[in-house]
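Structure below; questions to follow.
The values are calculated or read from the model by the stated rules, or taken from the named source; none is laboratory data. Just so we're clear, the structure is a prediction, and the values are computed from it rather than from any experiment. Backbone-built Cβ (ideal geometry, glycine too); neighbour counts: all protein chains shown. Ligands, DNA and RNA are stripped out before the accessible areas are found, and what is left, the full protein with its side chains, is counted by its heavy atoms. Shrake-Rupley method; radii C 1.70, N 1.55, O 1.52, S 1.80 Å.
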Amino acid sequence: MVRWLHPAQFIRTSMDAIVSAVFGIRADQRLIESVVRPQEPYFDYSQLEDEEGSFWLDYVADTGDGWDSTYCIARLLALPEMKLATKGGAPHETQRGRVLIFGGDEVYPGASREVYEERLIQPYEAAMRRSHPPSPDLFVIPGNHDWYDGLAAFMRLFCARRWVAGRRTRQGRSYFALKLPQNWWLLGTDVQLDSDIDVPQVEYFRSVAALMGPNDRVILCNAEPAWIRATATKRRRGYLESNLEYLQEKVLGKRISVFIAGDLHHYRRHEDPEGRQKITAGGGGAFLHPTHAPEAKVLLDDYVEKKSFPDEKTSRALARRNLMLLRHSPGFGWITGTLYLLLALAAYAEVGSLGVSHLREVLAAVAHNMVLRPLTMVLGVALIGSMVAFADVAFGRWRTLAGTLHGLGHILGAFLCAWGSTYFVVSVLGLCPRLAADGMTCTDGWWHLAGRFMLSSLLTFLAGFFVGPFVTGFYLWISVNVFLAHSNEAFGALAIADWKNFLRLRIDPDGSLIIFPVGVARVPRRWKETHAGPYAPAFDPDDPKATEPELIEEPVRIS
């Protein structure tokens, strides 16, 4: 799994996000592709039904992270048939989809030809390198992580009508429309980095809507669940400020029976009184997001949450892992160790001979040095300012206070680590300064001073390596479980590979749409080769602790 808090990864991802945010909107690939890339008005699957008159398709989003989680889902999607049931429920026979939809964020942490190959193509080709005719087709929606390279790798891989893992790609652009049996349509949008679609995309889907009959129904796939974020911020963008809202409200309107999105790496389903569905299903391989934060029991448009995977109780329990943050993100200790050492050096004082009973003298010595060395104040203010900027907007008016307390927690931690390290070196190991007869002049040689200084610095760094992640982990745990803030940071740091999901959909001859939400509570960590050839998975689970795939809830029927 991607270690988001590793120093190198943290810097690289931050730079990708900054560059894409600055240049992405000004160099919008979608405007170019609408001119130079031809695209069919829609892709027709309306006559492709199985022997029973049903049509199957699969949806998965947020793939391409760790091998175990990504391959686990890729393998299940490759199996021709699966018998699935809820715990204690009746089994349901399901078939591999004639079409597979990738719903956004196909790779992490950012897009490139090498990352796609390593984190997406290899797992999926290991699951199914070839397929027997009629081969399934693949359609792909880009997410914000696919846009980090300006969509270059995405267009090369998915919009050139190539074969990928036994599936044929057909789209020429980053958005598409599929005509399905029984008057159903599936539309896939590209919201880029600004959570919105461009004007040529609106016109494309307007032309598609003109081909729909009065009783046609739509499955709308977006890369992000705008309904969750709107509820969390208590603000919904209107169609006058959002092309996507214009498409949903004015172009498609009541035709939309199902909204599906990824981006949040869990399963949550909301339903309105008329039976329309809003489903978040971003469980294709990326780290787990909490289901209790941001809170969205009832959406702004009166959709009510019906099911989440994992449930809220489990989600809150998983958040406690932040108290052992160093175990899940060991590289983060290098950041906090270095930070604590810098803070200690800036306010360095000879307090190694002073124990807890001399706390007042220690504080006075450190304060005196802070006054004499302005760099100390600069570092402290910069740290607190950084923590305020880092604090989640979900704190609202308490954001500044939350960030300040987080920063003060690290300053206190650095003070205690430095003081404890110096006291250990001077008072426990006995490496105290040797003074002349006047009791004031130090007679130590430079090697003695350097040794004591280096040992104290090393111990301060090591203490910061362990204490700093605990301070941050405690802050994230309280934030996500009490204030429902920092859901992305708190769970991204944990890199939880479990609780994965995807959707299997079936259109019946009577026009009903059946949605089978498939979940895996614990993905395998060990695998064994099958030697079954290119048409079957190359590896099967060999982990007794792994759980079997099951239905997250009973199938959802939309008549």
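How much solvent-accessible surface does Ile121 expose, in Å² to the nearest 10, with a 1.4 Å probe and all protein chains in place?
Per-residue accessible area (Ile121): approximately 20 Å².
Which whole-number value in Å² is the accessible area per residue of the chain, probe 1.4 Å?
44 Å²
Further question: For region 146-166 and region 474-508, what is the centre-to-centre distance using only Cα atoms, to the nearest Å?
Taking the Cα centre of each part, region 146-166 and region 474-508 sit 27 Å apart.
Normalising by the residue count of the chain, find the relative contact order in percent from Cα pairs under 8 Å and 6+ residues apart. Could you put the intermediate results ahead of the total?
On the way: 1166 pairs, mean separation 100.3, N = 559.
Averaging sequence separation for qualifying contacts and normalising by length gives 18 percent for the chain.
Based on DSSP H runs of at least 4 residues, each adding -39500 (n - 2.57), what is the mean residue ellipticity at 222 nm of the chain after dividing by all its residues, to the nearest 500 deg cm²/dmol? Please report the intermediate quantities before stating the final value.
On the way: 17 runs with 203 residues, N = 559.
So the helix-based figure for the chain works out to -11500 deg cm²/dmol.
How long is the gain from Arg327 to Val298 if the chain were fully straight, where each residue apart is worth 0.36 nm and the alpha carbon distance is subtracted?
Using 0.36 nm per residue and subtracting the Cα-Cα distance, I get 6.9 nm.
Give me the extension gain from Met454 to Thr233: residue separation times 0.36 nm, minus the current Cα-Cα distance, reported in nm with one decimal.
Numbers: separation 221, 0.36 × 221 = 79.56 nm, distance 4.93 nm.
So the chain would gain 74.6 nm between Met454 and Thr233.
Please sort by residue number the chymotrypsin sites (Phe, Trp or Tyr not before Pro) in region 512-559 whose DSSP state is loop and whose Cβ has at most 16 other Cβ atoms within 10 Å. Mind showing how you got there, number by number?
Numbers: sites: Trp527, Tyr535, Phe539; in loops: Tyr535.
Passing sites in region 512-559 are Tyr535.
Ok, one more. Please report the Cα spread of region 287-374 along all three principal axes, rounded to whole Å, starting with the longest.
Extents along the principal axes, in whole Å: 61, 29, 27.
Here's a follow-up. Say each of Val19 and Ala152 gets a label point 7 Å from the Cα, pointing the same way as Cα to Cβ; how far apart are those two points in nm?
Label-label distance for Val19 and Ala152, simple model: 0.9 nm.
Sticking with this one: Pairing the Cα long axis of helix 446-482 with the longest principal axis of the chain, what angle in degrees results, from 0 to 90 and rounded to the nearest 10?
Computed tilt is about 40 degrees.
Hey, any idea what Rg/Rh is for region 256-407, computing Rh the Kirkwood way over Cα pairs?
Details: Rg = 23.2 Å, Rh = 19.7 Å.
That ratio is 1.17, to two decimals.
In whole Å, how far is the Cα centre of region 277-319 from that of region 194-213?
Answer, in whole Å: 29.
Next question. Cross-link list Lys234/Lys278; Lys179/Lys254; Lys254/Lys313: which exceed 28 angstrom alpha carbon to alpha carbon? Please report the intermediate quantities before stating the final value.
Details: Lys234/Lys278 17 Å; Lys179/Lys254 17 Å; Lys254/Lys313 35 Å.
Pairs exceeding 28 Å: Lys254/Lys313.
Rg and Dmax in Å for region 159-288, alpha carbons only: what are they?
When restricted to the Cα atoms of region 159-288, Rg and Dmax are 15.1, 44 Å.
Looking only at GluC sites (Glu not before Pro) in DSSP loops with at most 12 other Cβ atoms within 10 Å, what is the longest site-free stretch of the chain?
On the way: sites that count: Glu51, Glu52, Glu241, Glu274.
Answer from the scan: 275-559.
Which percent of the accessible heavy-atom area of the chain goes to carbon and sulfur, probe 1.4 angstrom? Please list the in-between numbers first.
Working: 14790 of 24820 Å².
Whole-percent figure for carbon plus sulfur exposure: 60.
Also: Run through all the Cα pairs of region 53-92 and give the fraction in each 10 Å bin from 0, expressed as whole percent.
21, 42, 32, 4
Return the tail of the calculated pair distribution for the chain, meaning the percent of Cα-Cα pairs more than 30 Å apart. Walk me through the numbers before you get to the answer.
Values: 86304 of 155961 pairs.
When every Cα pair of the chain is considered, 55 percent fall beyond 30 Å.
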